[in-house]
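Down below is the structure, laid out as structure tokens.
Only the coordinates and a few stated rules stand behind these numbers; no lab work does. All of these numbers come straight from a predicted model, not from anything done at the bench. Here the Cβ is made from the backbone with ideal geometry for all residues, glycine too, and neighbour counts use every protein chain on show.
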Amino acid sequence: MLVLQTLNSMGPMHGFGIALRIQQVSQDLLQLNQGTLYPALLRLGQRGWVVSKWGTSENNRKAKFYSLTRAGRKQLDRQVESWGRMSGMINRVLRTT
Amino acid sequence: MRETFRTLVQRFAALFRRRQLEHDLDEELRSHLEMAIEFNLRKGMSPSNARREALRSFGGVEQTKEVYREQRGLPVIETTLQDLRFGLRMLLRSPGFSILAVLCLTLGIGANAAVFSWVEGILFRPYPLVAHQERLLALTGTARGESGHADISWPDLLDLQSSCTLMDSFIVTKITGTTLSIGDRAERTIGSIVSANYFDAIGVHPVLGRGFEPGEDSGQNAHPVTVISYQLWQGRFKGDSQIIGKTQRLNGVPHTIVGVAPEGFYGTFVGWGMQFWVPASMEELFEAGGYKLEDRGTRWIEAYVRLKPGVTLEQAQQEISAVAKRLEVDYPSTNRGRGIKLWPLWQTPFNNAGTLLPTLEIMLVVVVFVLLIACANIGNLLLVRSFARRNEMTVRIAIGAGRGRLLKQLFTEGLILSAFGAAGGLLVAHWCRHALVLLFPARAGVTMHLPGDIDWRVMALSAGVSLIATLVLGLIPAFQAGKVNLAGALKSDSAAVVGGGGRAWVRSSLVLVQVSLSFVLLVGAALLIESLQKIRGSSPGFSTQGVLFTAVDLVSAGYDADHAKGFQDELLDRVKALPGVDSAVFARVTPLGYGSFSSTPIAVDGYPSPPEEQPTVEYNEVGPDYFRTMGIPLVSGREFTRADDEKAALVAVVNETMAAKYWFGRNPIGERVKVKDRWMRVIGVAKNSKYQSVRETPTPFFYVSRRQNFSVGAGLFIRTPLSPGIMATALANEVHALDGNLALYEVITLQEQLDRSTSPQLVAVTLVGVLGGLTLLLAVIGLYGVMSYAVSQNTRELGLRVVLGADRSSLLRLVMSRGLTLMAGGVLLGAAAALALTRLLGNLLFDVSPRDPQAFGSALAVMTIASLAACTLPAWRATRTDPARVLRD
């Protein structure tokens, strides 16, 4: 979901960019191994939510750029919605007790 | 759901682009790391720190790749592919082993596939192009008090047809023959007399013209039409596209060719390819014995029925029996004691299915033996190899390979072997498709057609056999691998005593199985050979040497009775005048041939026939001097002479069994017997001989004078010491001198006639003999392998024995005794199995007990010699053990 959200807000990005962005957004709270990003990207690709294309980075380096597909955007909406519902529910539960 | 499917497709697709994807992954990760380093450098780290930090925050690069790969492809398939590749590499690394193993498997699976294909093509689906053969059954008559089958009469068949509700159709087919003269070539040809529904009922549609039309099978000689086979059309009529409507003389009568059967259709007679079909209305022209379509008492038809879908044989038989019972009541004079019986196609008694059935049944057992022995052999090879690969296995377990993964690897190797074996086996079966025909002696005018049929059923069965083989092959080394003991295996091997140790135990028992199985086959082969010798050596009751048989087809040439009598008398005189000819005679039916004898209900003065049964006896119409020519001794009375002609009193000669049965042992000479409503006087008693088969038990039989019961068709028997070849030329000259248009049949000795009638035995002997030999070879290879391996593994012990004073002969004895003990064990087991199993040979044995000691003896002798040969080389090698070298090593 994080990856989808990143791609949604930032447009096409390469793996390192995504990793960096997630790190920044989570204010370094989420210290995942950057390597785990790639199998995740592959999984998203296999499900048809992202597509990848070789291109050149801002520093003229060859890199693979990932972008969100229509199905991916829909999926993100669904996930955001269900997350909202879920967290809202948890919040309510926490508040009432 | 859609995503799951998409994932699967993508993963599967990834299997085929591995190299490209792997390259992409490398690139991507490298660029990631480079960017990370650059980023860190910009943050002001030193180059080495920047690199370390980049790698740290990435995590393990190789681990990532591995996780990525697992996510990318399908690990199950990938490891399988890996196993396959590795297995292939292992097999290529020891080509000797692989080739031997594949050969053994090819043999085992090939033998199975070939026999399956024969069973399919001859017994279960014998008739190419015929629709729904699973609903086809054979139909014959039965006679109370007699075993076996009888033919059916035409009126009975029509009644069955109109009364039975469970059958789609009744299909009449009766084999017949004619001499076909097209252009200047005359050739013997076989065909079928069929009911008019024949082609429609079996679902075969002529490629040209039509089949027969309803009604074409009624009326005496009313519909001279014929359908010819595709081969005949192509061969003799040169594929003439205007053939329909042309006429062809068959047995002297012009027949209109109304159709050409499709290519690959051979009719409905297992073993023989039919060349033409005529409707039953023309029966009188092709069958001896007059017009029979309205005669309920004359039984001549062989038939099939097609059941309606879902009807079982039992239900159909019940219905048919009920109708037969009614016919018995309605027509007591002809049908008393007569029943009708249905047979599954593979038991069809009136063609070669019936004769081959016992042989094929035995072959099914034999090929399983061959497969087992082949598997045991490969098992042995695998054991040797698994020993050699013990280090590899140990290392793989030590570095963490699971047992399951190892097993999978071993099974994969077994699968590769058996896949090759199966492919080779099917190839062997393909080559052997027509092998059965080769085993039958050729006879003029008959196109033998006994095809194996490799259809999906045969393929599936062979695949099943290979899978079982795979399991067996995988299990043996797996059994070994499962026992790999790390600590023990990493220690150096220590030699055991010759033949000792657990592994040797497995191998020895494999050899034991091989020896015992091949011993069973040897006993079987010996029994069959012995019976064949007995059959061929047995006296059929007539001379087999010095009597020649041939025929001139006057029926096809259109001779009527008077012309035929004149021709035959003239020819007899000429033949008798030839130098070297003692006597010659015409007789209607040849003993032990395919032609059927006349049969008749009889009445005998003073013999009260039981009310439930109508005594029916077969007879032959023979000329003067028949008994002298054939060498059948007369017990009393006289034989036929030229004086026993149309004007003289009717006479008959009976055989001993008939005299004993109907005259209770009194001398029947001068007594009367009623044959086809005519009373005949018995003038002689002949010794029993064989009439239809050498295996038959003595049956009542009699002979009548040909002149007094004339029909045109007859065979010529000549007593002469001359060879058939010489005689054929002289005979052909005489025949041509009388009528230039006539051709002579092949000239054969009666021994040849006898041999042809025993061809099923010959087929059985050849097949069991060949496979028995093969299994013996395999077993000997197995024994040799075990012994030489034992010797090579135990040179240390042998060397020690030499040092301690053992001389060569004692070493020889030691090794030989090991081998021979194995053999003796195998023979004992095999003998026990053979005692239980040879009974299966049942019908194929002739005058030989299934427990015949001589057969067991010869099998033992062969096995002993073969085993001695197998042990000698290893034993000799053992005596060459150099103690100095052994101790130095």
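Strictly greater than 45 Å: what percent of every Cα pair in the protein assembly as shown meets that?
Of the Cα pairs, 54 percent sit more than 45 Å apart.
Among B:90-99, A:13-22, how do they line up from the highest to the lowest mean number of other beta-carbon atoms within 10 Å?
Per-residue Cβ counts within 10 Å, averaged per peptide and sorted highest first, yield A:13-22, B:90-99.
Can you list the trypsin sites (Lys or Arg not before Pro) in segment B:223-287 that are in a DSSP coil and have 11 or fewer other beta carbons within 10 angstrom?
B:LYS238
Please go through segment B:585-652 and write out the GluC sites (Glu not before Pro) that DSSP classes as loop and that have at most 14 other C-beta atoms within 10 Å.
Passing both the DSSP loop test and the Cβ count: B:GLU612, B:GLU613, B:GLU646.
For chain B, what does -39500 (n - 2.57) per DSSP helix run (n ≥ 4), summed and divided by total residues, give at 222 nm, in deg cm²/dmol to the nearest 500?
So the calculated ellipticity at 222 nm is -17000 deg cm²/dmol.
For chain A, what is the mean residue ellipticity at 222 nm derived from helices alone (per DSSP H run of n ≥ 4: -39500 (n - 2.57); sum divided by total residues; nearest 500 deg cm²/dmol)?
So the calculated ellipticity at 222 nm is -19000 deg cm²/dmol.
Taking a virtual spin label 7 Å from the Cα of A:MET10 along the C-beta vector, which residues in segment A:63-97 bring their backbone nitrogen under 20 Å of it?
Answer for this model: A:63-70, A:72-77, A:80.
Return the loop-located trypsin sites (Lys or Arg not before Pro) in segment B:109-188 (DSSP other than H, G, I, E, B) with at most 16 other Cβ atoms within 10 Å of their own Cβ; answer none if there are none.
Sparse-neighbourhood loop trypsin sites (Lys or Arg not before Pro): B:ARG144.
Please give the net charge around B:ARG135, taking every other residue with its beta carbon less than 10 angstrom from that of B:ARG135, where Lys and Arg add +1 and Asp and Glu add -1.
Surrounding charge for B:ARG135 is 0.
I'd like the Kirkwood hydrodynamic radius of segment B:153-243, using the inverse of the mean 1/r over distinct C-alpha pairs, in Å.
Answer for segment B:153-243: a Kirkwood hydrodynamic radius of 15.1 Å.
Tell me, what is the percent relative contact order of segment B:717-843, built from C-alpha pairs under 8 Å that lie six or more residues apart?
Rounded, it is 14 percent for segment B:717-843.
Taking a cut-off of 23 Å, what percent of all Cα-Cα pairs in chain A are separated by more than that?
33
Any idea how far apart B:SER759 and B:TRP876 come out in nm if each label point goes 7 Å out from Cα toward Cβ?
4.6
Taking the convex hull of the alpha carbon atoms in segment B:671-826, what volume per residue do you get, in Å³?
So the per-residue hull volume is 271 Å³.
Hey, with R₀ at 56 Å, roughly what FRET efficiency would B:GLN234 and A:SER82 work out to, going by the Cβ-Cβ distance, to 0.05?
0.15
If the limit is 23 Å between Cα atoms, which of B:LYS174/B:LYS674; B:LYS292/B:LYS674; B:LYS534/B:LYS687 go over it?
Over 23 Å apart, Cα to Cα: B:LYS174/B:LYS674.
For chain B, what mean projected area does the convex hull of the alpha carbons give, in nm²?
Value for chain B: 54.8 nm².
Using amide H atoms built in the peptide plane, which far-off residues or other-chain residues are under 5 Å from B:VAL225 H to H?
B:THR256
Calculate, for B:GLU27 and B:LEU467, the FRET efficiency according to 1/(1 + (r/R0)^6) with r their C-beta to C-beta distance and R0 56 Å; round to the nearest 0.05.
0.80
Give the peptides B:3-13, B:255-265 in descending order of average Cβ contacts within 10 Å, highest first.
Packing proxy ranking, top to bottom: B:255-265, B:3-13.
So if I take the centroid of the Cα atoms in segment B:120-151 and the same for segment B:173-223, what is the distance between those two points in Å?
Spelled out, the Cα-based centre of one part sits 20 Å from the other.
Looking only at other chains, what is the average number of their beta-carbon atoms within 10 angstrom of each beta-carbon in B:24-36?
Averaged over the peptide's residues, the number is 6.
Which residues does the label zone of B:GLU696 cover in segment B:620-645, counting backbone N under 18 Å from a point 7 Å along Cα→Cβ?
B:620-623, B:627, B:630-633
With helices defined as uninterrupted DSSP H runs, which ones in chain B have an alpha carbon span along their own long axis of at least 27 Å and mean Kyte-Doolittle hydropathy of at least 0.5?
B:95-118, B:352-388, B:403-431, B:456-482, B:502-537, B:759-793, B:808-837, B:853-879
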